[in-house]
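Notes follow the structure.
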Amino acid sequence: MRRDKCETPGGKIVDPYYVYEFSTWVGALPVTEEGKIIMVRQYRHALGETCLEIPGGCVDDTDTNVEYAIARELLEETGYSFTSFDYLGKISPNPSTNSNLLHMFLAKGGKKVGEQNLDENEEIEVVEMTLDELKQLLRENKIVQAMHVSCILYALEKLGELHY
């Protein structure tokens with residue numbers, strides 16, 4: 001967290017103005033060769049709940065770009081490798097307080113190539129489901145991570161599965 005002195009475009013001074021500094025994030029809706037969706041389930045302490053989410057994480061200093069970062073995160077969290085990544089854009093978790101962005105992807109052609117390679121504090125369950133099951137979870141508001149819902153909706157649009 002940093003403390004800024006903010007001057008708005010209209011000239012108003014806000015002091016102090018606190019900004020949360022986070023790393024850049026990546027997330028993806030992963031689709032296997034068979035057309036299954038890969039999600040992850042993990043405990044989220046701030047909510048005190050176990051949540052169903054898309055895989056993703058932080059862009060590391062050693063990642064050459066955001067596509068490399070999401071490929072690495074998918075392999076680490078799920079054990080799946082993917083043949084293609086469609087970039088879906090970037091969104092802000094909260095532009096009033098957070099300095100970072102989430103880069104969103106649709107990962108396709110997933111194949112299980114190994115076991116999970118989790119960080120010491122991670123406990124992640126891989127969940128495979130159909131596209132229809134994913135859509136039903138959205139209808140029932142069962143995915144609570146707002147940025148992940150955004151990524152899923154952009155991916156469904158890319159797949160021609162979002163109808164207005």
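The values are calculated or read from the model by the stated rules, or taken from the named source; none is laboratory data. Please read these numbers as outputs of a predicted model, since none were measured by experiment. Every residue, glycine among them, receives a Cβ derived from its backbone with ideal geometry; neighbour counts consider all protein chains shown.
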ask   = Would a scan of the range 47-61 turn up a residue that is in contact (Cβ under 8 Å) with a residue 40 or more places away in the chain, surrounded by fewer than 17 Cβ atoms within 10 Å (Cβ to Cβ) and not acidic (Asp, Glu)?
value = yes
remark   = Inside the range 128-158, the number of residues satisfying the requirement of being touching a strand residue (DSSP E or B) at 6+ places or on another chain (Cβ under 6 Å), farther than 21 Å from Arg44 by Cβ and among the hydroxyl-bearing types (Ser, Thr, Tyr) is 1
task = Output the residues belonging to the range 70-113 that are of a type in the set (A, V, I, L, M, F, W, C) and more than 11 Å from the chain's Cα centre (by Cα).
result = Ala71, Leu75, Phe82, Phe85, Leu88, Ala107, Val113
request  = Please tell me if Lys111 is among the basic types (Lys, Arg), modelled with pLDDT of 95 or more and surrounded by 14 or more Cβ atoms within 10 Å (Cβ to Cβ).
outcome  = no
message = One residue is enough: does the range 27-42 have a residue meeting the conditions farther than 16 Å from Val126 by Cβ, surrounded by fewer than 17 Cβ atoms within 10 Å (Cβ to Cβ) and either touching a Phe, Trp or Tyr at 6+ places or on another chain (Cβ under 8 Å) or of a type in the set (Val, Ile, Thr) (or both)?
response = no
task = Go through (1) in contact with a strand residue (DSSP E or B) (Cβ under 8 Å, 6 or more places away or on another chain); (2) surrounded by 17 or more Cβ atoms within 10 Å (Cβ to Cβ); (3) not small (Gly, Ala, Ser) one by one and return the number of the condition Asp86 breaks.
result = (2)
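Results for (1) at pLDDT below 95; (2) touching a Leu at 6+ places or on another chain (Cβ under 8 Å); (3) part of a loop (DSSP other than H, G, I, E, B), shown as yes or no for each residue.
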position: Tyr18; (1), (2), (3): no, no, no
position: Gly27; (1), (2), (3): no, yes, no
position: Tyr43; (1), (2), (3): no, no, no
position: Cys51; (1), (2), (3): no, no, no
position: Asp63; (1), (2), (3): no, no, yes
position: Tyr68; (1), (2), (3): no, no, no
position: Glu73; (1), (2), (3): no, no, no
position: Glu76; (1), (2), (3): no, yes, no
key: Among residues of the range 130-156, those that are closer than 21 Å to Gly57 by Cα and either in a helix (DSSP H, G or I) or aliphatic (A, V, I, L, M) (or both), counted   = 14
